[in-house]
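The values are calculated or read from the model by the stated rules, or taken from the named source; none is laboratory data. From a predicted model like this one, the values you see are computed outputs, not experimental measurements. Note that we place each Cβ from the backbone using ideal geometry, even for glycine, and neighbour counts take in every protein chain shown.
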Amino acid sequence: MSRTERRGPLRAAARRSRGITLVEVILFIVIVSVAAAGILMVFGNAARSSAEPMIRKQALAIAEALLEEVRLMPFTYCDPDDPKVATASSPADCTTPEASAPEAGEARTAALAPFDNVNDYAGFAMAGGIVDITGAPIAGLDAYSASIAVTPLSFGGIPQTDVLRVTVTVTGPAGITLTLDGLRTRHAPNL
């Protein structure tokens, strides 16, 4: 075998096992860097929004508690302080018919004159923190606010005086707002 014949296979083998070039290394580094940056951006977004579900759950718990508090209140023809409240079958039977707005002198947190009817909550709002029924601030809820609307339910544009829609709106940190609706029907012994 001649020298040139021996060099041919050696050159072919040398070409196949030459390694990687600098351009290939730089291209690999760029591709891996872009992929790593994308993955880190996803983790960053997840970390930033990880508190949001907790805020939404807390807002939902506040809204559910306030809605339950309102729906447990009486909704009768007469004011609950009226002596005929248990026997009235219409507002005409009452000495003091129930007002469709909060009664003067009553407050949610008042010890001597607390809210005593669903309509007392119409327009009620808590700003700068959530307080319990006694007026004591609830720890950790100072960044939340709540408002309550009580309106007659309407079917086909006709207001229903025996059904109220109670809407509780809670706003939490970062501007997260949650609205919860419920219905309250009138219950009177002679209805």
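Scan Ile26, Ile20 and give me the residue that is of a type in the set (Val, Ile, Thr), surrounded by 10 or more Cβ atoms within 10 Å (Cβ to Cβ) and either outside the structural domain of Leu180 (by TED's automatic domain parsing) or modelled with pLDDT of 90 or more (or both).
One residue alone meets the criteria, Ile26.
Between Leu66, Leu60, Leu72, which is assigned by TED's automatic domain parsing to the domain that holds Ala88, surrounded by fewer than 10 Cβ atoms within 10 Å (Cβ to Cβ) and not acidic (Asp, Glu)?
Leu72
List every residue pair whose Cβ atoms sit under 6 Å apart, with the two residues 6 or more apart in sequence or on different chains, where the first one lies in the range 169-185 and is farther than 10 Å from Ser145 by Cα and the second, anywhere, is among the small types (Gly, Ala, Ser) and outside any strand (DSSP E or B).
Close Cβ pairs satisfying both conditions: Leu178/Ala59; Leu178/Ala63; Leu180/Ala63.
Listed residues Gly38, Gly44; which is over 26 Å from the mean Cα position of the chain (by Cα) and loosely packed, with under 12 Cβ neighbours inside 10 Å?
Every option except Gly38 fails the conditions.
Restricted to the range 139-174, and to residues that are at pLDDT below 90 and either in contact with an Asp or Glu (Cβ under 8 Å, 6 or more places away or on another chain) or of a type in the set (Phe, Trp, Tyr) (or both), which residue is surrounded by the fewest Cβ atoms within 10 Å (Cβ to Cβ)?
It comes out as Phe155.
Can we say Arg18 is part of a helix (DSSP H, G or I), out of contact with any Phe, Trp or Tyr (no Cβ under 7 Å at 6 or more places or on another chain) and of a type in the set (Lys, Arg)?
No, not satisfied.
It is to be established whether one or more residues within the range 154-166 are closer than 30 Å to Pro53 by Cα, basic (Lys, Arg) and out of contact with any Phe, Trp or Tyr (no Cβ under 7 Å at 6 or more places or on another chain).
Within the range 154-166, one or more residues are closer than 30 Å to Pro53 by Cα, basic (Lys, Arg) and out of contact with any Phe, Trp or Tyr (no Cβ under 7 Å at 6 or more places or on another chain).
Tally up the residues in the range 18-62 that are of a type in the set (S, T, N, Q) and under 30 Å from Gly182 (Cα atoms), please.
Adding up the residues that qualify gives 3.
Could you go through the range 71-93 and let me know if any residue there is aromatic (Phe, Trp, Tyr) and touching a Leu at 6+ places or on another chain (Cβ under 9 Å).
yes
Going by what's in this entry, would Ala92 be described as in a loop (DSSP other than H, G, I, E, B), more than 16 Å from the chain's Cα centre (by Cα), among the small types (Gly, Ala, Ser) and farther than 16 Å from Ala63 by Cα?
The answer is no for Ala92.
Considering every residue within the range 71-94, establish whether at least one is closer than 30 Å to Ala174 by Cβ and at pLDDT 85 or above.
Within the range 71-94 (the criterion being closer than 30 Å to Ala174 by Cβ and at pLDDT 85 or above), the answer is yes, since at least one residue qualifies.
I need the strands (runs of 3 or more DSSP E) fully contained in the range 103-191, keeping only those with at least 3 residues that are farther than 18 Å from Ala63 by Cα and assigned by TED's automatic domain parsing to the domain that holds Pro80.
Of the strands (runs of 3 or more DSSP E) lying wholly inside the range 103-191, those with at least 3 residues that are farther than 18 Å from Ala63 by Cα and assigned by TED's automatic domain parsing to the domain that holds Pro80 span 145-155, 158-171.
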